[in-house]
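Participant: A single structure is presented below for examination.
The values are calculated or read from the model by the stated rules, or taken from the named source; none is laboratory data. Since the model is a prediction, treat every value here as computed from it, not as a measurement. Note that each Cβ is placed from the backbone with ideal geometry, even for glycine, and that neighbours are counted across all protein chains shown. Areas reflect the complete protein model, heavy atoms only, side chains present, ligands, DNA and RNA absent. Shrake-Rupley method; radii C 1.70, N 1.55, O 1.52, S 1.80 Å.
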Amino acid sequence: MPEPSTTATRPTPTGVIHDIGYQRYEGARLRRRHVFGALYLHGVRTTFGFGRSAKAKIFPWLVVGIVTLVAVALAAVRSQIGEPVATYAQFADSMSWLVLFFVAVAAPELVSRDLRSGVLPLYFSRPLPRSDYALAKLLALVTALWLLLGGPQLVMFLGAAFTTKEGMRGVWNELLDLLPGLLYAGLWAVVFASVGLLVASLTGKRAFAAGGVVAVFLMTTPIVGVLSILPSHTANELAGIASPSTLVQGVGIWSLGDLLVEGDPGEMMIGGFGPVYALAAVLLVAGATALLLARYRKVAS
Amino acid sequence: MTLIATQSLTKTYGGRVTALADLTVAVEPGIIGLVGANGAGKSTLIKILLGLITPTSGQVSVLGIDPTADPAAVRARVGYMPEHDCLPPDLSAAELVTHLGRMSGLPRTAARERASEALRHVGLYEERYRPVGGYSTGMKQRVKLAQALVHDPDLLLLDEPTNGLDPAGRDAMLALVHRIGTEFGISVLVCSHLLGEVERICDTLIAIDGGRLLRADHISAMTSATDVLAVEVSEGTEELAARLAALDLPVARDGRLLLVPLADDSTYDLILGAVAELNLPLHRLDQRRHRVAELFATRELSHA
C-alpha cells in the first residue's frame, strides 16, 4: 500500500522543519545473514581505518607497511641468494609482536568505542541478536589479522614464484609451502583476536583496553620463562601453554615441524605434548569466545 | 488494531525493586504520551516493549506481536530513541544513520537514501556530513530521532525526546513528533515527565507512578476531567464558595484558592458573574497548568 507523498502546505511552527512529504519504505528488508555480513564488513573496514578519520588510519597502515616491507625484503634477498631466508610460518612468528600491537589498537576500536559512546542500545533495539554483534566483530578482527599476516606471505610467494628456476614445479612446491603458512597465520589471528577482543570488550576506555590487551600477552611470558627453567622436564615442555604466544608457537612446532623450526628446535621444546598444545589452543579460543558472548548478553540492557 | 497491549505486566529487579506492578493497558494507534515522574517505570516499560528485558510476569503485545517470544519481529517494525547520549562523536550523522539503517536490514543504497531522507525530515541538511561530536544537544536529539526513523517503522518509542533542550528546542521537537504521528502515519509512544508537554501533541495519555497505572485514556477525556479553574479573591472566599455551589458548580477549597472544574467557556462567565454580583476583589482566575502530580491532586478532589 504505497502512500502518496503528502506534500503538506500547512506551515509548521518552526522554520527549520521543512515540509517535503514522508515516503514509506516499500523496498527489500534483508535477513539476519545480510545484516551480519554488513556488520562484519564494517568491522573489517574499521580495523584498517576506512570510513574513519585520517588519524585512525595512521597506525594500522604503519603496521601493514612494515610487514609488507619485511616480506618484500625477504622475497628480494631470496631471489638473490636463491635460498629462503625464512619460511612462511617463521615469518608469521617473527611478525607476531607487530600483530599484537595491531590487536591492541584494533580491538578497542571495534568494541570499546561502541561501549564508550553508548551506541549499543541502538544496535540491540534492532532485529540483530546480541550474539551476532559480538561474533561479527570477532570475525572481522580475525579476518583483519589474517590479512595482515597472509597478505605479506602472498607477497613472498609471488616473489618466489616469479624467480623460481624450476618452472611450474617450483611454483607448485612453493604453493605447498605457502598453504601451511597461511593456516598458521590463521591460528595466530584466531588466538590473538579472541583473547584481544574479550579483553577490549571489558572496558569503554580505549587506552585501558589497549593496555589490557598488551598486558595479557606480555605478562604471561615471564610465567613461561619461570616454568621453562624448573627442574621438571615435563614442566619445561608444557611451559609454552601459559602464554598465548608460546601456545601458538607450540601448536606450530607440533603441526608444521620443520616448516617452522628447520632442524634447530631452539629454546622451545614441547616434547610429545603437541596434541596438548593443540587442545589448549582450541580451549583458549572457545573459552574466550564463550566469555565474549556472555559479556554481550549482559552489557547495555 | 491494538497498538500496544499489556496484561498484568510486572517487572521486579532482584525480587525487591518493583519497576512495574500489575500494569494493564491497551492503546490504539496514534500519538501516545507516557507520563510519570523519574523512576516511575517508563523506561522499563519501553525496554519490555522492545524485548530488551523480559517481564517478571504478565503478557505484552506490540503491533500484535509478543516481544518476549519474537523480539526480532517487533524490533524490525519499531524505532527506538533512547534517553541518554548514544552517538559516537567521531562519526558524521549521515554515516551513523546509514550504518544503523543497514543494521535494520536495508540494502546499501536504500540505507543511504533513507538516511538522508530521515535526516532531512528531522531538519538536518549540510551539517549531516560533520562529526556528531560538534553538534548541539538539539541536533543530537534530531540525529537520535532520525536513526529511529531510518527503517520506516510502524511505531516509534521515544524516551524523553525533549531532554536537555531549551524551550524553543522543545517546541520544535514536539512539533516534529506531532508531525511524524499525524502526517507520516507512524504511531508514536512519547515518554516524558512533563505532562504539560506531551498533552499538547498526543491523542492518548498513559500516566504511571511507581510502576502502577494511574490513568490511560484519550486526551479529551483526560483534560475535561482534570482541567480546573483556580479562583482567588482577596476577601469573601466563603461567600463566593457558597454562591458558586448554589450555581451547581462543584467547588473545592485549596487554601486561599477555590477550585472549580472547567466544563466549558460558560464556567468562566458563571464565576465572573458571581464575583461581580458579590462585588468581591478578584485576585486571579486562571486555568491550572497540570503536572503529573496534579493528576493525583484532582483525583483526590473528585473523591472528596
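Participant: Taking loop as defined by DSSP and a crowding limit of 14 other beta carbons within 10 Å, which trypsin sites (Lys or Arg not before Pro) in the stretch B:241-274 fit?
Facilitator: Hits after loop and neighbour filter: B:R256.
Participant: Oh, and also: Quote the accessible area belonging to A:W146 in square angstrom, nearest 10, computed with a 1.4 Å probe and with ligands, DNA and RNA left uncounted.
Facilitator: Rounded to the nearest 10, the figure is 100 Å².
Participant: Could I ask something else about it? Expressed as a whole percentage, what fraction of the accessible surface of the stretch A:32-298 belongs to carbon and sulfur atoms when a 1.4 Å probe is rolled over the protein heavy atoms?
Facilitator: 72 percent
Participant: Under a crude label model (7 Å from the Cα following the beta-carbon direction), how far is B:E238 from B:D171 in nanometres?
Facilitator: It works out to 4.6 nm between the two label points.
Participant: Please list, in chain and number order, the residues 5+ apart from B:L34 or on another chain whose amide H is under 5 Å from its amide H, with Hs placed from the backbone.
Facilitator: Residues meeting the amide H criterion: B:V190, B:C191, B:S192, B:I206.
Participant: Please state, rounded to one decimal and in Å, the Kirkwood hydrodynamic radius that chain A gives when every pair of distinct Cα atoms enters the mean of 1/r.
Facilitator: Kirkwood radius, chain A: 21.8 Å.
Participant: Please label the shape of the stretch B:228-287 as rounded, prolate or oblate, based on the square roots a ≥ b ≥ c of the eigenvalues of the alpha-carbon gyration tensor (a/c under 1.5 means rounded; beyond that, a/b larger than b/c means prolate, else oblate).
Facilitator: Rounded, since a/c falls under 1.5.
Participant: Which lysines, if any, have their Cα less than 23 Å from the Cα of A:K137, not counting same-chain residues under 8 positions apart?
Facilitator: By straight Cα distance, A:K137 reaches A:K55, A:K57, A:K205, A:K298.
Participant: B:R102 accessible area, nearest 10 Å², 1.4 Å probe?
Facilitator: The accessible area of B:R102 comes to roughly 50 Å².
Participant: List the aspartates and glutamates whose Cα lies under 20 Å from the Cα of A:K165, skipping any in the same chain that are fewer than 8 positions away.
Facilitator: Correct list for A:K165: A:E83, A:E174, A:D177.
Participant: What is the distance in Å between the Cα centres of the stretch A:134-174 and the stretch A:114-133?
Facilitator: Here the two parts' Cα centres lie 34 Å apart.
Participant: What does the C-alpha gyration tensor say about the overall shape of the stretch A:164-266? Classify as rounded when a/c is under 1.5, otherwise prolate if a/b is larger than b/c, or oblate.
Facilitator: It is oblate, given that a/c is not under 1.5 and a/b is not larger than b/c.
Participant: 5 Å is the cut-off here: which amide hydrogens, built 1.01 Å from N in the peptide plane, fall below it relative to B:D254, excluding neighbours closer than 5 in sequence?
Facilitator: Hits under the 5 Å cutoff: B:L259.
Participant: Name the most mobile residue of A:L218, A:L176, A:L247, meaning the one with the largest mean-square fluctuation, in a Gaussian network model of chain A with Cα contacts below 10 Å.
Facilitator: Evaluated over chain A, the most mobile residue of the options is A:L176.
Participant: A follow-up question, please. For the stretch A:231-240, in order, what is each residue's ³J(HN,Hα) by Karplus, 6.51 cos²θ - 1.76 cosθ + 1.60 with θ = phi - 60°, in whole Hz (x at glycine and Pro)?
Facilitator: x, 6, 5, 4, 4, 4, 6, 9, 4, x
Participant: State whether the stretch B:84-187 is rounded, prolate or oblate according to the following rule on the C-alpha gyration tensor (a ≥ b ≥ c being the square roots of its eigenvalues): a/c under 1.5 gives rounded; otherwise a/b larger than b/c gives prolate, and the remaining case gives oblate.
Facilitator: oblate
Participant: Within chain A, what's the longest run with no GluC sites (Glu not before Pro) in a DSSP loop and at most 12 other beta-carbon atoms within 10 Å? Give the range, please.
Facilitator: Longest site-free region, per DSSP loop and neighbour criteria: A:27-165.
Participant: Once the Cα gyration tensor of the stretch A:71-133 is diagonalised, what are the square roots of 5 times its eigenvalues, in whole Å and ordered largest first, as equivalent ellipsoid semi-axes?
Facilitator: 43, 12, 9
Participant: Once you average over the residues of B:74-87, how many Cβ atoms of partner chains fall within 10 Å of each Cβ?
Facilitator: Across B:74-87, the average partner-chain Cβ count within 10 Å equals 4.
Participant: Please compute the average number of Cβ atoms from other chains found within 10 Å of each residue's Cβ in peptide B:141-147.
Facilitator: If you average over the peptide's residues, the count of other-chain Cβ atoms is 1.
Participant: Shifting gears a bit: When the accessible area of chain B is computed with all protein chains present and a 1.4 Å probe, what percentage of it is carbon and sulfur?
Facilitator: Its accessible area is 50 percent carbon and sulfur atoms.
Participant: Calculated from DSSP H runs of 4 or more alone, at -39500 (n - 2.57) each and per residue, what is the 222 nm mean residue ellipticity of the protein assembly as shown, nearest 500?
Facilitator: The helix-only estimate for the protein assembly as shown comes to -17000 deg cm²/dmol at 222 nm.
Participant: Quick check on chain B: what are the equivalent-ellipsoid semi-axes from the Cα gyration tensor, as sqrt(5λ), descending, whole Å?
Facilitator: 43, 23, 15
Participant: If you count only protein heavy atoms and use a 1.4 Å probe, how large is the accessible surface of B:Y129, to the nearest 10 Å²?
Facilitator: My reading of the accessible area for B:Y129 is about 140 Å².
Participant: Is any helix in chain A, taking whole DSSP H runs, at least 27 angstrom long along its axis by alpha carbon and on average at least 0.5 on the Kyte-Doolittle scale, and which ones?
Facilitator: A:54-81, A:130-163, A:167-200, A:274-298
Participant: Next question, about the same structure. With the Cα gyration tensor of the protein assembly as shown in hand, convert its eigenvalues to equivalent ellipsoid semi-axes via √(5λ) and list them largest first in whole Å.
Facilitator: Semi-axis lengths for the protein assembly as shown are 66, 26, 19 Å.
Participant: Report the accessible surface area buried between chains A and B, summing both sides, using a 1.4 Å probe on protein heavy atoms only, in Å² rounded to the nearest 100.
Facilitator: Using a 1.4 Å probe, the pair buries roughly 3900 Å².
Participant: Projecting each Cα onto the charge dipole of chain B (Lys/Arg +1, Asp/Glu -1 at the beta carbon, about the Cα centre), which of B:A230, B:P67, B:P88 comes out farthest on the positive side?
Facilitator: B:P88
Participant: How many percent of DSSP beta bridges within the protein assembly as shown run antiparallel, rounded to 5?
Facilitator: If I count the DSSP bridges inside the protein assembly as shown, around 65 percent turn out antiparallel.
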